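Visitor: Please read through the structure below; I'll follow up with questions.
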Amino acid sequence: MKSSRNTKPEPTEVSIGDIVVGGVQTVVIAGPCAVESHDSLMRIARSVKVSGAHLLRGGAFKPRTSPYSFQGHGDDALKWLGEARAVTGLKVVSEVMDVRRVEAMARVVDCLQVGTRNMQNFDLLRELGRVPNAILLKRGMSATIEEWLLAAEYILAEGNPNVILCERGIRTFESATRNTLDLSAIPVVRALSHLPIAIDPSHGTGRRDGVAPMTKAAIAAGADAVMIEVHDDPERALSDGAQSLSLFAFDGLMRDAARIADVCGRPFQDQRVVAFSSRTIGGAI
Ligand code: PEP
Ligand code: MN
């Protein structure tokens with residue numbers, strides 16, 4: 001197995017621009033669940049950059065449970081993500097749902113996300129194995145760790161080594177949280193595989209008050225990256241508002257989480273813009 005630690009003992013480092021996932025530093029991916037408008041994305045992107053995020057997330061094509069829910073702005077959203085990247089310098093992560101869009105999206109998105117619902121879409125995985133981009137492979141909501149690693153194997157087997165695994169919570173009998181975040185996947189994956197592992201505490205809990213504690217716990221448990229949903233007006237978000245942090249709350253979390261990352265010997269790469277001066281010049285980064 002290409003994903004196995006027996007085949008490759010040293011950890012895999014996945015580079016996204018100058019950000020390395022799986023290296024010494026802890027990486028923070030932040031942004032809205034869905035890209036909702038040009039202006040809102042720019043506000044969020046500028047703010048998370050100032051707070052020290054390393055990569056910008058934002059869905060252009062959204063896998064919604066109901067076909068009548070907001071489905072994302074598609075190609076317009078991709079264009080806005082490109083603009084946010086140009087303005088902030090943050091590379092972007094966005095979900096690809098359709099095998100027919102892989103090639104086009106690979107040209108404009110730095111890291112392609114495979115959602116939990118597509119973890120076993122084997123044709124999509126194979127196609128992602130044929131592009132050079134980083135792939136963020138979410139764990140299927142009912143998938144075992146073995147099934148998740150075999151899904152990664154489809155991408156690796158086609159020749160793309162740049163796979164980041166992302167635990168985002170699994171379905172259990174518990175209904176107080178949206179999903180049950182399996183932080184124990186970190187040591188298990190670590191033992192079995194050389195691939196980097198990210199934690200998504202937003203989908204993992206589904207509740208805003210769960211995000212900060214689980215982010216800190218994930219970093220303490222050795223996650224290579226965390227992915228956090230952030231919105232400039234969470235109460236009015238078109239998707240996943242209940243689990244989205246405000247810009248202010250994200251900034252506070254970054255300060256706390258940076259200290260934990262330091263203590264664990266996996267500091268944040270220093271992306272924090274001198275917050276005071278950049279805010280006083282109107283966030284003009
Ligand atoms: C998302 O990241 O917004 C998303 C839809 O994730 P998941 O596939 O884990 O539900
Ligand atoms: Mn979401």
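The values are calculated or read from the model by the stated rules, or taken from the named source; none is laboratory data. Note that the structure is a prediction, hence the values are computed from the model and not measured. Positions of Cβ are backbone-derived with ideal geometry, glycine not excepted, and every protein chain shown enters the neighbour counts. To get the accessible areas, we keep the full protein, side chains included, count just its heavy atoms, and leave off ligands, DNA and RNA. Shrake-Rupley method; radii C 1.70, N 1.55, O 1.52, S 1.80 Å.
Visitor: Under Stokes-Einstein, with the Kirkwood radius over Cα pairs standing in for Rh, what whole-number D in µm²/s applies to segment 186-249 at 4 °C and 1.567 mPa s?
Guide: 104
Visitor: Let me ask something else about it. Expressed as a whole percentage, what fraction of the accessible surface of the chain belongs to carbon and sulfur atoms when a 1.4 Å probe is rolled over the protein heavy atoms?
Guide: Numbers: 6440 of 11960 Å².
Roughly 54 percent, rounded to a whole number.
Visitor: Keeping all protein chains in position, work out how much accessible area residue 264 exposes to a 1.4 Å probe, and write it in Å² to the nearest 10.
Guide: We get 60 Å² for residue 264.
Visitor: Compute the semi-axes of the equivalent ellipsoid of segment 15-99, taking the square root of 5 times each eigenvalue of the Cα gyration tensor, and list them largest first in whole Å.
Guide: 23, 15, 11
Visitor: Another question, if that's okay. For segment 1-82, what is the relative contact order in percent, using Cα pairs closer than 8 Å and at least 6 residues apart in sequence?
Guide: Over segment 1-82, the number comes to 25 percent.
Visitor: State, in angstrom, two size descriptors of segment 77-194 derived from its alpha carbons: Rg to one decimal place and Dmax to the nearest whole number.
Guide: 14.9, 44
Visitor: Show 232, 209, 251 ordered by accessible area, largest first, where the area counts protein heavy atoms only and the probe is 1.4 Å. It would help to have the intermediate numbers written out before the result.
Guide: Details: 232 45, 209 100, 251 15 Å².
The most accessible residue leads, giving 209, 232, 251.
Visitor: Using a 7 Å offset from the Cα along the Cα-to-Cβ direction at both residue 64 and residue 99, what is the distance between the two label points in nm, to one decimal?
Guide: Label-label distance for residue 64 and residue 99, simple model: 2.6 nm.
Visitor: Okay, moving on. Based on DSSP, what percent of beta bridges with both residues in segment 14-265 are antiparallel, to the nearest 5?
Guide: Antiparallel bridges: around 10 percent, rounded to the nearest 5.
Visitor: To continue, here is another question. Among 215, 26, 65, which one shows the highest mean-square fluctuation when the chain is modelled as a Gaussian network with alpha-carbon springs under 10 Å?
Guide: So, out of 215, 26, 65, the one fluctuating most is 65.
Visitor: OK, next. Counting only residues 5 or more places away or on other chains, whose amide H sits under 5 Å from the amide H of residue 228 once H atoms are built in the peptide plane?
Guide: For residue 228, whose amide H was placed from the backbone, the distant partners under 5 Å are 29, 30, 31.
Visitor: Quick query: amide H of residue 34 versus all other amide H atoms, modeled in the peptide plane; which residues come in under 5 Å with a sequence gap of 5 or more or a different chain?
Guide: Sorted by chain and number, the residues that satisfy this are 59, 239.
Visitor: Next question, about the same structure. Would you please give the residues with an amide H less than 5 Å from that of residue 16, counting only those at least 5 places away or on a separate chain, with H modeled from the backbone geometry?
Guide: Result for residue 16 returns 21.
Visitor: Which helices, taking whole DSSP H runs in the chain, have alpha carbons extending 24 angstrom or more along the helix axis plus mean Kyte-Doolittle at least 0.5?
Guide: In the chain, the long hydrophobic H runs are 247-263.
Visitor: Under 8 Å for C-alpha pairs, at least 6 residues apart: give me the relative contact order for the chain, rounded to a whole percent.
Guide: About 23 percent, as a whole number.
Visitor: For the chain, with a Gaussian network of springs between Cα atoms less than 10 Å apart, report the residue from 249, 258, 60 with the top mean-square fluctuation.
Guide: Among 249, 258, 60, the largest GNM mean-square fluctuation belongs to 249.
Visitor: Count the net charge of all other residues whose Cβ sits under 14 Å from the Cβ of residue 115, scoring Lys and Arg as +1 and Asp and Glu as -1.
Guide: +2
Visitor: On alpha carbon coordinates alone, what is the Rg over Rh value for segment 14-265, Rh being the Kirkwood radius?
Guide: That ratio equals 0.92.
Visitor: Could you calculate the contour length gain from residue 188 to residue 13, that is, 0.36 nm times the residue separation minus the distance between their Cα atoms, to one decimal place in nm?
Guide: Full extension from residue 188 to residue 13 adds 61.2 nm.
Visitor: In addition: Hey, what did segment 55-131 get for relative contact order, percent, Cα under 8 Å, at least 6 apart?
Guide: Relative contact order, segment 55-131: 28 percent.
Visitor: If I ignore ligands, DNA and RNA and count only protein heavy atoms, how much of residue 227 is accessible to a 1.4 Å probe, in Å² to the nearest 10?
Guide: Its heavy atoms expose roughly 0 Å² to the probe.
Visitor: Count neighbours as other Cβ atoms within 10 Å of each site's Cβ, and list the chymotrypsin sites (Phe, Trp or Tyr not before Pro) in segment 138-230 that are DSSP loop with at most 11 such neighbours.
Guide: The qualifying sites are 173.
Visitor: What list of ³J(HN,Hα) values in whole Hz, one per residue of segment 159-175 in order, does the Karplus curve 6.51 cos²θ - 1.76 cosθ + 1.60 (θ = phi - 60°) give from phi, with Gly and Pro shown as x?
Guide: Values per residue, Gly and Pro as x: x, 9, x, 8, 9, 10, 7, 9, 7, 9, x, 10, 7, 9, 6, 6, 10 Hz.
Visitor: Restrict the search to segment 176-259; then list the trypsin sites (Lys or Arg not before Pro) that DSSP places in a loop and that have at most 15 other Cβ atoms within 10 Å of their Cβ.
Guide: 207
Visitor: What size of dipole, in debye to the nearest 20, comes out for the chain about its Cα centre when the only charges are +1 on Lys and Arg C-beta atoms and -1 on Asp and Glu C-beta atoms?
Guide: 140
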